[in-house]
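Peer 1: Following this message is one structure expressed as structure tokens.
The values are calculated or read from the model by the stated rules, or taken from the named source; none is laboratory data. It should be emphasised that the depicted structure is a prediction, and the values quoted were computed from it without experimental measurement. Methodologically, a virtual Cβ is constructed for each residue, glycine included, from the backbone with ideal geometry; neighbour enumeration extends over all protein chains shown. When the accessible area is computed, the model is the full protein with side chains, heavy atoms only, and any ligands, DNA or RNA have been set aside. Shrake-Rupley method; radii C 1.70, N 1.55, O 1.52, S 1.80 Å.
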Amino acid sequence: ESHSPSNAGAAAPRDWFASSFLPDDELESILGGLEHKKNIILQGPPGTGKTFVAKLLAYAMMNEEDDARTEVVQFHQSYSYEDFIQGFRPRQEKGFERRDGVFYRFCERAKRDLDRPYFFVIDEINRGNLSKIFGELMMLIEADKRGEKHRVQLTYSSGGEHFFIPSNIHIIGTMNTADRSLAMVDYALRRRFAFFDVEPQFEGSKLPSFLRQKGLKKSFVKDLCERMKSLNKVIEGDPNLGK
């Protein structure tokens, strides 16, 4: 799903964009997709700054660097519904108890602060078994299925207990497109996210300025970008690697 640049810049001061190496129009487009869809995935090769950009987008929409309203997790092959939503876990003494997962707890926190946006960042989202991890949330994460009106009973809920995702929750996933051995995002989940490419910026104009702001010399930055462009051309020409 593609998005054209919107007036998202009004919600995100340009000084937030200035701290990034991505072009401003790309950031505005991604931010517009996040505001409209509430769920986005930043996809691209490793090392292009996807996780950095994910946090920047959250701060830009909040218009402040408030880590109390952000949460970051990383999916992997063993990540489960019980880790993410809810499940039974052994007690230290004996027996089992029901425990809430990280996303469930985050939603409960956001419900108490509905006037402000919250951001849940999932690094390496395509490494997990998404249908298994999300469970009933496959429906609830849709932008028009938020709120108490669409509440459901969860797998481990007691009678009369219901759960919903509040409207102020935004989900940002990052996906490494070089991981060809891993399953791609489930198609049922795919339509619930807007996808944006985050590509290497060695050809762009903002990255050199970004690096010089970090204290690197102009001559070093120029040499670094030229060498990385050459290296990327070699990688792209390798049939086992590609773009």
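Peer 1: For Ala194, list long-range residues whose amide hydrogen, built 1.01 Å from N in the peptide plane, is under 5 Å from its own amide hydrogen.
Peer 2: Asn39, Ile40, Ile41
Peer 1: Something else about it: Tell me, what ³J(HN,Hα) does each residue in segment 131-139 have, in order and in whole Hz, if you take phi through Karplus 6.51 cos²θ - 1.76 cosθ + 1.60 with θ = phi - 60° and put x for Gly and Pro?
Peer 2: 4, 6, 5, 7, x, 5, 5, 3, 7
Peer 1: For the chain, modelled as a Gaussian network with Cα springs under 10 Å, which listed residue fluctuates most, Tyr104, Tyr81, Tyr187?
Peer 2: Of Tyr104, Tyr81, Tyr187, the most mobile in the Gaussian network model is Tyr187.
Peer 1: Here's another thing I want to ask about it. Kindly provide the helix-only [θ] at 222 nm of the chain, computed as the sum of -39,500 (n - 2.57) over DSSP H runs of four or more divided by all residues, to the nearest 500 deg cm²/dmol?
Peer 2: Rounded to the nearest 500, the figure is -10000 deg cm²/dmol.
Peer 1: If you don't mind, there's one more thing I want to ask. Write down the percent of antiparallel bridges among all DSSP beta bridges whose residues are both part of the chain, to the nearest 5.
Peer 2: Percent antiparallel among DSSP bridges in the chain is about 25.
Peer 1: Rounded, prolate or oblate: pick one for segment 11-72, where a ≥ b ≥ c are the square roots of the eigenvalues of its C-alpha gyration tensor, a/c under 1.5 means rounded, and failing that, prolate if a/b is larger than b/c, else oblate.
Peer 2: Verdict is rounded for segment 11-72.
Peer 1: Let me make sure I get this right: for segment 188-243, a, b and c are the square roots of the gyration tensor eigenvalues over alpha carbons, sorted descending. Under 1.5 in a/c it's rounded, otherwise prolate if a/b > b/c, else oblate. Which is it?
Peer 2: It comes out oblate by the Cα gyration axes.
Peer 1: So for each of 218-230, 129-141, 24-36 I average, over its residues, the number of other beta carbons within 10 Å; can you give me the resulting order with the highest mean first?
Peer 2: In decreasing order of mean packing, 218-230, 129-141, 24-36 become 24-36, 129-141, 218-230.
Peer 1: Apply the Kirkwood formula to the chain: the hydrodynamic radius equals the inverse of the mean of 1/r over all pairs of different alpha-carbon atoms; give it in Å with one decimal.
Peer 2: 19.6 Å
Peer 1: Strictly over 24 Å apart at the Cα level, which of Lys55/Lys206; Lys50/Lys233; Lys38/Lys233; Lys37/Lys229; Lys37/Lys214 would you flag in this model?
Peer 2: Lys38/Lys233; Lys37/Lys229; Lys37/Lys214
Peer 1: Heavy atoms only, probe 1.4 Å: what % of the accessible area of the chain goes to carbon and sulfur, would you let me know?
Peer 2: Taking all protein chains in place, the chain shows 49 percent carbon and sulfur surface.
Peer 1: Tell me which residues come under 5 Å, amide H to amide H, from Gln86 once H is placed; ignore anything under 5 positions away on its chain.
Peer 2: Gly101
Peer 1: Taking Cα pairs under 8 Å and at least six residues apart, what relative contact order does segment 113-243 come out at, in percent?
Peer 2: Value for segment 113-243: 25 percent.
Peer 1: With the other protein chains left in place, how much accessible area per residue, in square angstrom, belongs to the chain at a 1.4 angstrom probe?
Peer 2: Using a 1.4 Å probe on heavy atoms only, each residue of the chain averages 53 Å².
Peer 1: Now for a different question. Round to a whole angstrom and tell me the spacing of the C-alpha centers of segment 48-67 and segment 224-243.
Peer 2: One Cα centre to the other: 28 Å.
Peer 1: Can you give me the relative contact order of the chain as a percent, contacts being Cα pairs under 8 Å and 6 or more apart?
Peer 2: Value for the chain: 26 percent.
Peer 1: Given axes a ≥ b ≥ c from the Cα gyration tensor, I'd like to know whether segment 118-163 is rounded (a/c under 1.5), prolate (a/b larger than b/c) or oblate.
Peer 2: oblate
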